[in-house]
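A quick write-up on the structure given underneath.
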Amino acid sequence: MSARGPDPAHEIEALDGVLVVADLHLDLADEHGCDAFARSCDSLSGLAHLVVLGDLFDAWVGPAHARLPAARTMLQAFARLADRGVAVHLVHGNRDFLLDESSLAGCGARVHPDHLRVRAGDAAVLLVHGDRECTRDHAYQRLRRVLRSPLVRAFARRAPLWASLPLARRLRRASIGAVSRKAPQEKSIQPEAVRARAVRHGATIVVCGHAHEWRDLDLGACRWIVLDAWGAGPRDALRIDAGGLSVGPAPRA
Ligand SMILES: [Mn+2]
């Protein structure tokens, strides 16, 4: 745990049920790109919190994206969840790190740029997307710092749709190209980085997305779970309750 302790703005309690899904990569260029997940959101019950652990959208450059029909479908579904008392939490991924709460105005979703910590009985669960833990990929970590700089953020906040859509496409192509040229070991989430995050946040369990492939490992200092990408594997959802954790298929509409 850090000297200051956990930040309450990025901490929730699992008493009433938390559902975590990751890596939906919804396509905003397709006006029906969010329909299936929006329907799934409407079918959720018995939950207090829904957490999207990064890469909700395949690309998000700025608030102009919020006006696309598919984005409106998604934001309206989040607003309906809020009406039913389910808090929606969006942890940034490497594709949608420019999502900010002002773009989501009215739907009540909260944005967590780095992490969300969940207290569940004796366990402290740290939810992070996982791209920051790809610490051997030095070129990516440099790009990550540039893309998250105040200058890029300021541009993204003001960019009209005609400028932000081609930029989103280019960033996505750059990301896919960079990943395909690298050896798996270089671009993967590093266990020692996960362990270090667990220690820093006083977490006994760390949950990631990003790798799109389920795993559940004992790293000594913590248990490390990676979820399947949403809809792409049998272990694409984590449920956290006061009594503990369970991994299984995400609820479908
Ligand atoms: Mn990712």
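The values are calculated or read from the model by the stated rules, or taken from the named source; none is laboratory data. Source: prediction; values computed, not measured. In this analysis, Cβ positions are derived from the backbone assuming ideal geometry, glycine residues included, and neighbour counts consider all displayed protein chains. Each accessible area value is taken on the protein alone, full model and side chains, heavy atoms only, with ligands, DNA and RNA left out. Shrake-Rupley method; radii C 1.70, N 1.55, O 1.52, S 1.80 Å.
General observations
- Residues of the stretch 179-219 classified as of a type in the set (Ser, Thr, Tyr) and farther than 21 Å from Arg95 by Cα, total: 1
- Matching residues, the stretch 42-67, being touching a Gly at 6+ places or on another chain (Cβ under 8 Å), away from the ligand (no atom under 16 Å from the Cβ) and modelled with pLDDT of 95 or more: Leu47, Ala48, His49
- Qualifying residue in the stretch 152-160 (condition: small (Gly, Ala, Ser), touching a Gly at 6+ places or on another chain (Cβ under 6 Å) and away from the ligand (no atom under 16 Å from the Cβ)): yes
- Selection count where residues are open to solvent by less than 60 Å² (accessible area, probe 1.4 Å) and over 18 Å from Leu99 (Cβ atoms), scope the stretch 147-165: 0
- Among the residues making up the stretch 195-213, those that are within 15 Å of the ligand (Cβ to nearest atom) and on the phi < 0 side of the Ramachandran plot are Val207, Cys208, Gly209, Ala211, Glu213.
- Hits in the stretch 10-27 (condition: of a type in the set (A, V, I, L, M, F, W, C), assigned to a loop (DSSP other than H, G, I, E, B) and within 16 Å of the ligand (Cβ to nearest atom)): Ala22, Leu24
- Criterion: within 18 Å of His25 (Cβ to Cβ) and either in contact with a helix residue (DSSP H, G or I) (Cβ under 8 Å, 6 or more places away or on another chain) or free of Cβ contacts under 8 Å to residues at least 60 places away in the same chain (or both) - qualifying residue of Arg153, Arg252, Arg157, Arg195: Arg252
- Filtered residues of the stretch 126-146 (kept if surrounded by 17 or more Cβ atoms within 10 Å (Cβ to Cβ), within 14 Å of the ligand (Cβ to nearest atom) and either at pLDDT below 90 or not basic (Lys, Arg) (or both)): Leu127, Val128, His129, Gly130, Asp131, Glu133, Cys134, Asp137, Tyr140
- When the residues of the stretch 220-235 are filtered to those that are surrounded by 14 or more Cβ atoms within 10 Å (Cβ to Cβ) and away from the ligand (no atom under 14 Å from the Cβ), the one that is farthest from Ala22 (Cα to Cα) is Ala221.
- Looking across the stretch 171-219, the residues that are over 21 Å from the mean Cα position of the chain (by Cα) and either farther than 30 Å from Ile12 by Cα or open to solvent by less than 40 Å² (accessible area, probe 1.4 Å) (or both) come down to Gly177, Ser180, Arg181, Lys182, Ala183, Pro184, Gln185, Glu186, Leu219.
- Selection of the stretch 175-222 for residues being part of a strand (DSSP E or B) and among the basic types (Lys, Arg) yields only Arg215.
- Among residues that are over 16 Å from Asp55 (Cα atoms) and either open to solvent by less than 30 Å² (accessible area, probe 1.4 Å) or more than 19 Å from the chain's Cα centre (by Cα) (or both), Ala168 is not included.
For every residue, the table says whether it meets (1) open to solvent by less than 10 Å² (accessible area, probe 1.4 Å); (2) within 19 Å of Leu165 (Cα to Cα); (3) free of Cβ contacts under 8 Å to residues at least 24 places away in the same chain.
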site	(1), (2), (3)
Leu44	no, no, no
Leu47	no, no, no
Asp58	no, yes, no
Pro63	no, yes, no
Ala77	yes, no, no
Arg84	no, no, yes
Val88	yes, no, no
Asp96	yes, yes, no
His112	yes, no, no
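- Taken over the stretch 230-249, the criterion of being in contact with a Gly (Cβ under 7 Å, 6 or more places away or on another chain) and assigned to a loop (DSSP other than H, G, I, E, B) is satisfied by Arg235, Ala242, Gly243.
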